[in-house]
Amino acid sequence: MRTLTRCRRALVTAFCLLVQMQCAFAQAPAGQPDSLAFFLSAFHGKPVAAVPEVAYNPIPAPAPTTSNVSTNTTAASGNPTASPQPGSCPPGADRLGCPGSYSPTTGARAVASACPPGYQRDPTGCVMPAMPLHAHRIGGYGGWACDMGYVRANDGCSQVVVPVNAHPADTASGWVCNFGYHFTVDRCAPVFIPANAHLAADGSRYECNYGYRDMGMSCGQ
């Protein structure tokens, strides 16, 4: 509507200018031909038609267009394959067997070519070595040691024979002498204490008193 009003004002202004120009040229001296005055004289005395009203018709917003998107999904077909199996026993497993990899064609289990450190092979795969009685596991690679009071004998644990004046201990022999005794071959003998001497702190030997020195089985000044 504002645009139409502006157009009307522009047309009225132009018409007024034309009328003023016509009056100016009409007052000019006679005898001088004027083409513009001749052109404007054709409209002299004729009514000016009214500018028709233009109905305001807003432009409708474009309707949203939808497009059908078709997706072709093709299902992949194929023969299922067996998932790979571990080729060795897990660390720390004790006689759990060791599943190998399976052949996708025959279905037979393929035994691993080598077992992890500390394991050994048997018909079921890789297993820890058998542990004898009176033993316990040490480390994470199938190692074992005999319990207190037992010593290793070949692949087993034998009970320690503790001599007199001794007690079981975690040593190679499986026992140690009591305090005041010392190891002699396969038994425990009392510690010899000469004059001017006393039993040492570890209990397995003697020491000379202050001011005396060891002279081999005796203490002298």
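The values are calculated or read from the model by the stated rules, or taken from the named source; none is laboratory data. If you're wondering where the values come from, they're calculated on a predicted model, not measured in any experiment. Heads up, the Cβs are rebuilt from the backbone with ideal geometry, glycines too, and the neighbour counts pull from every protein chain shown.
Of note:
- One residue alone among ARG187, ARG213 is of a type in the set (Lys, Arg), surrounded by fewer than 15 Cβ atoms within 10 Å (Cβ to Cβ), closer than 23 Å to MET148 by Cβ and not assigned by TED's automatic domain parsing to the domain that holds CYS146, and that residue is ARG187.
- Residue count, region 154-191 (criterion: touching an Asp or Glu at 6+ places or on another chain (Cβ under 8 Å) and under 20 Å from ARG137 (Cα atoms)): 1
- For region 122-132, taking the residues that are assigned to a strand (DSSP E or B) and hydrophobic (A, V, I, L, M, F, W, C), the one that is surrounded by the fewest Cβ atoms within 10 Å (Cβ to Cβ) is identified as VAL127.
- Close contacts from region 110-132, counting a first residue that is under 22 Å from TRP144 (Cα atoms) and at pLDDT 75 or above and a second that is in a strand (DSSP E or B) and not hydrophobic (A, V, I, L, M, F, W, C), with Cβ to Cβ under 6 Å and a gap of 6+ residues or different chains, come to CYS115/ARG121; PRO129/GLN120; PRO132/GLY156.
- In region 133-181, of all residues being within 30 Å of ALA200 (Cα to Cα), touching a residue at least 24 places away in the same chain (Cβ under 8 Å) and assigned to a strand (DSSP E or B), the one that is nearest to the chain's Cα centre (by Cα) corresponds to TYR150.
- Filtered residues of region 190-221 (kept if hydrophobic (A, V, I, L, M, F, W, C) and touching a residue at least 12 places away in the same chain (Cβ under 8 Å)): VAL191, PHE192, ILE193, ALA195, ALA197, LEU199, CYS208, MET217, CYS219
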